[in-house]
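All remarks here apply to the structure that follows.
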């Protein structure tokens, strides 16, 4: 592993690895639950050393990892399919569309990447329990990795979390606490819990290794794409960590001298949960007042990583847009029908967005466009049922047929 420092994204101060655990101590004085995080930390590596040691044709991605391999839990995540989808592209009016299907991670979402690295850190610190707040996917992922590592997951979820995700958490042996309220209420309560009771808090962006873990999806896209940078990546956005992590991956690659440009990042949000979209457009942050959307994985009133998400979009020369619940459901069906990939509503939002952009000048028809599929559709079958009709049964005779 290459040595690294944590850098505060608000004030720029540098910290040694074990000097801090969550947010920048100085900037965190100005943070209170109910606003986007300030003082979020990013790992900054010795990129000159990485450049010397990295083999371009056979890269050792552990050089970009903030936890040593000996602490990794026995949980085989990542290396998910990356492939072109000509039929989908044709249906949407684009010639070079690709999918990165992270719904095929072990717990069926991209969140395995963050949970893996945080549990590895818990191994390093000899911490027996990890705490998180989640709408479902991060919790399922944490519960799964904790089960593999022999650790206790303590999870706060809004009571509206899909049942399939709750089933996952409980089967993995997590201690699950449904909260009568929103994801934001669960987030606040989880912080209070770790402050009083202890445990390592995995909350997204609050723990810097959530960004480091999720950035591995960007590194994989680069490698699977023949060590080339795609033109555009569409990312479903809730709290803003995944899009920030994809941005961090390509910034790391650029700093190490492996690439000379960044992909344009497109922030896709649900219409009713669009605080980051409006922040990107206006430059002024406001909460999403009623983040009620069928895409539960991107439903949040106060996105924890709003500031870095906005930076990722602007500095990559990308843009943002919103899609309605009906557009998301139609996108989910189109994706399944044209590719055989069943994605949960949040992930299908990228398909809805690309369809919305077919008459726009924002994307070139021949550009390489990657849709990031962040979760499997079996996570929330009830949502998919809203757009289909199951046929009635018939008598087992040819006449009835």
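The values are calculated or read from the model by the stated rules, or taken from the named source; none is laboratory data. Being a predicted model, the structure only gives us computed values, none of them experimental. Neighbour counts are summed over all protein chains in view; Cβ atoms, including those assigned to glycine, are modelled from backbone coordinates with ideal geometry.
One table, with the values for the structure above:
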{"item": "Subset of the stretch 150-181 (residues that are assigned to a helix (DSSP H, G or I) and either surrounded by 16 or more Cβ atoms within 10 Å (Cβ to Cβ) or in contact (Cβ under 8 Å) with a residue 60 or more places away in the chain (or both))", "result": "163, 164, 165, 166, 168, 169"}
{"item": "Residue list for the stretch 267-297, filter: more than 14 Å from residue 309 (Cβ to Cβ) and assigned to a loop (DSSP other than H, G, I, E, B)", "result": "271, 272, 284, 286, 287, 289, 290, 291, 292, 293, 294, 295"}
{"item": "Breaking point among (1) surrounded by fewer than 22 Cβ atoms within 10 Å (Cβ to Cβ); (2) under 13 Å from the mean Cα position of the chain (by Cα), for residue 235", "result": "(1)"}
{"item": "Subset of the stretch 366-399 that is at pLDDT 95 or above and out of contact with any helix residue (DSSP H, G or I) (no Cβ under 9 Å at 6 or more places or on another chain) - its residue that is surrounded by the fewest Cβ atoms within 10 Å (Cβ to Cβ)", "result": "366"}
{"item": "Hey, residue 37 crowded, with 23+ Cβ neighbours inside 10 Å, touching a strand residue (DSSP E or B) at 6+ places or on another chain (Cβ under 6 Å) and touching a residue at least 60 places away in the same chain (Cβ under 8 Å) or not", "result": "no"}
{"item": "For residue 279: the one exception among (1) touching a residue at least 60 places away in the same chain (Cβ under 8 Å); (2) touching a helix residue (DSSP H, G or I) at 6+ places or on another chain (Cβ under 7 Å)", "result": "(1)"}
{"item": "Residue tally, condition over 27 Å from residue 378 (Cα atoms) and free of Cβ contacts under 8 Å to residues at least 40 places away in the same chain, over the stretch 311-348", "result": "1"}
{"item": "Tally of residues being in contact with a strand residue (DSSP E or B) (Cβ under 7 Å, 6 or more places away or on another chain), within 17 Å of residue 121 (Cβ to Cβ) and not in a helix (DSSP H, G or I) across the stretch 56-97", "result": "1"}
{"item": "Selection from the stretch 344-396 of residues that are in contact with a strand residue (DSSP E or B) (Cβ under 8 Å, 6 or more places away or on another chain) and assigned to a loop (DSSP other than H, G, I, E, B)", "result": "344, 357, 362, 363, 367, 368, 374"}
{"item": "The stretch 182-232: number of residues that are surrounded by fewer than 22 Cβ atoms within 10 Å (Cβ to Cβ), modelled with pLDDT of 95 or more and within 20 Å of residue 301 (Cα to Cα)", "result": "0"}
{"item": "Matching option when the condition is within 30 Å of residue 56 (Cα to Cα) and either part of a helix (DSSP H, G or I) or out of contact with any helix residue (DSSP H, G or I) (no Cβ under 9 Å at 6 or more places or on another chain) (or both), among 234, 219", "result": "219"}
{"item": "Residue under evaluation residue 131, criteria (1) outside the structural domain of residue 266 (by TED's automatic domain parsing); (2) touching a residue at least 24 places away in the same chain (Cβ under 8 Å); (3) part of a helix (DSSP H, G or I), criterion not met", "result": "(3)"}
{"item": "Boolean, residue 110 is crowded, with 24+ Cβ neighbours inside 10 Å, under 20 Å from residue 194 (Cα atoms) and at pLDDT 95 or above", "result": "no"}
